[in-house]
Amino acid sequence: MSFSNKVGQLSDDIDKNIKMVEEHFCHTEDLMKKELLFSKQKCVILYLDPLLKKELLQSSIIEPLLEGEIDGIEQIVHAAEVKKTTLISEVGKQLLDGFCVIFLENHSQAYTASVGGIEGRSIEEPNNERNIKSSHDGFVEEFSSNLQLLRKRMKSPYLKVKYFTIGDLTHTKVGMVYLENLANKELVDEVERRITSIEIDQLYSSGDLEELIEDHPFSPFPQNLATERPDRAVSYLADGKITIIVDGSPRVLVVPITFFAFYQAPDDYNSRWLVGSFFRIIRIFSFIVAISLPAIYIAIVSFHSEVLPIGILYSIRTSLEYVPFPPFVEALTMQIILELLKEASIRLPSPIAQTIGIVGGLVIGTAIVDAHIVSNMMIVVIGFTAIASFVAPINEMGTSARLLGFPTMLAATLFGFFGIVFVLMLIFMHLSKLDSFGMPYFSPFAPLKKEELKDSFIRLPLWKLNTRPTDAKPAYENQQGRTRAWKKK
């Protein structure tokens, strides 16, 4: 097959045009052909069988053509969108987008008509980001459905969408969504530059795109927030951020993002500010616990037993009496077992996964203590650490916290409390150095922005949240605040 066929022009010969399209698709057997007469001339309809509904094709395209007498395809077919083209490459693209193509005898152009694709998964609440008081709908794999969920909440004429196509093989549709009057123009240009510069054969999910556009690929911390919740995505749009939708993925990306955004949940804003602030502080505290608790236990047992009361120290020493392994090996073994149980529960069906979690936690935990492989206290420490890592509303941050626990445990084994302090210092230095699309990752603490502290590790009342983050630079001067509510004088 020659490349000229793919980019060539259509001719007046309908049979030759059909042959060129068939060669374009390598004579695939799911390219269907329907011949009929329209205004006493030969008419051929081509479509890819898996990408559209035959019932809609029959009612909106075929029947109007058979019954029509007006000499004009646009006036006959019942389609929301009808285009003309003279290029084989454009015909192929439209067929892959779920359109049907109409060829007429003695015509050197083709008509492409939208029919309606196969229905995807219905909109439902995402399992990974459940909330109590927030809305119970979530993004799905269908691009248009995800864009509709954003449009339904953000009814603003300033909401702008830019389309891109990525992947030489998959031709994945990607949409960049932002508010024209709030988003920083330099940020918009930078995101567009990174997306358009991608050269890849296939793009299947937002995770692939996230890895291709992030600033620091070797950092353990996620620099793009991937969410399945429309309410979360819309709230970031109102802050001047950019949302990226990838066709076929139920998660959208939000850029730029900060560390504290990963520990914020929609329920924080649907509860009173004291309640929301309390749970937000608990989540951020869980990050420190997930990183350092096993290391603190190792340091105390190995170097600094004098910091514990004599009663607790005696209990720990008793449980360690018959354990032949050092505390680091104990903690490493339990962390690996925890990860194995987690991976097994994810891959198995729900009823079996619950059984595996309970049986694995109880039976294996009890057996491993009775066999004197690990101590009772280590089971408690690792269990508490696991709970703390799962507190994060965004799963990627919880996984990062568990990964960072391993070097912290190693440092505690070698140097005790000094090693823990050194590793934590390195982690916070790294957080302070990171940036996401030019925005400081550890903002508003590094650099310090007092005005933005009111919605970071705590949440002040909504009537106090009257300014947007500094990365939102609107196009007009008279910017309204985030809230305009009654305030007590």
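The values are calculated or read from the model by the stated rules, or taken from the named source; none is laboratory data. Quick caveat, the model's predicted, so the values are computed rather than measured. Heads up, the Cβs are rebuilt from the backbone with ideal geometry, glycines too, and the neighbour counts pull from every protein chain shown.
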Total residues in the range 139-192, condition among the acidic types (Asp, Glu) and touching a strand residue (DSSP E or B) at 6+ places or on another chain (Cβ under 8 Å): 2
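Are any residues in the range 13-30 farther than 25 Å from Gly72 by Cα, in contact with a strand residue (DSSP E or B) (Cβ under 7 Å, 6 or more places away or on another chain) and not in a loop (DSSP other than H, G, I, E, B), and if so, which ones?
First, pick out the residues of the range 13-30 that are farther than 25 Å from Gly72 by Cα: 22-30.
Subsequent filtering for residues that are in contact with a strand residue (DSSP E or B) (Cβ under 7 Å, 6 or more places away or on another chain) retains 22, 25, 30.
Matches in the range 13-30: Glu22 only.
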Single residue of Glu105, Glu35, Glu74, Glu81 found to be touching a strand residue (DSSP E or B) at 6+ places or on another chain (Cβ under 7 Å), among the charged types (D, E, K, R) and within 24 Å of Val174 (Cα to Cα): Glu81
Taking the range 294-327 and keeping residues assigned to a helix (DSSP H, G or I), of a type outside the set (Ser, Thr, Tyr) and in contact with a helix residue (DSSP H, G or I) (Cβ under 7 Å, 6 or more places away or on another chain) leaves Pro294, Ala295, Ile296, Ile298, Ala299, Ile300, Val301, Val307, Leu313, Ile316, Pro327
If you check Phe417, Phe445, which single one turns out to be modelled with pLDDT of 90 or more and surrounded by 16 or more Cβ atoms within 10 Å (Cβ to Cβ)? Phe417
What number of residues in the range 156-193 are touching a Lys or Arg at 6+ places or on another chain (Cβ under 8 Å), surrounded by 14 or more Cβ atoms within 10 Å (Cβ to Cβ) and more than 16 Å from Gly248 (Cβ to Cβ)? 10
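Suppose we keep only residues that are part of a helix (DSSP H, G or I), farther than 20 Å from Leu293 by Cα and in contact with a helix residue (DSSP H, G or I) (Cβ under 7 Å, 6 or more places away or on another chain) within the range 346-368. Which one would you say is modelled with the highest pLDDT? Break it down stepwise before answering.
In the first step, residues of the range 346-368 are kept if they are part of a helix (DSSP H, G or I); the result is 346-347, 350-368.
Restricting the remaining residues to those that are farther than 20 Å from Leu293 by Cα gives 346-347, 350-360, 362-364, 366-368.
Going one step further and asking which of them are in contact with a helix residue (DSSP H, G or I) (Cβ under 7 Å, 6 or more places away or on another chain), we end up with 353, 356-357, 360, 364.
Numbers: Ala353: 70, Ile356: 70, Gly357: 69, Gly360: 70, Ile364: 77.
So, considering only residues that are part of a helix (DSSP H, G or I), farther than 20 Å from Leu293 by Cα and in contact with a helix residue (DSSP H, G or I) (Cβ under 7 Å, 6 or more places away or on another chain), the one modelled with the highest pLDDT is Ile364.
Residue-by-condition table, conditions (1) on the phi > 0 side of the Ramachandran plot; (2) surrounded by fewer than 15 Cβ atoms within 10 Å (Cβ to Cβ):
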residue	(1), (2)
Gln9	no, yes
Ile18	no, no
Lys33	no, yes
Lys40	yes, yes
Ser59	no, yes
Leu66	no, yes
Gln75	no, yes
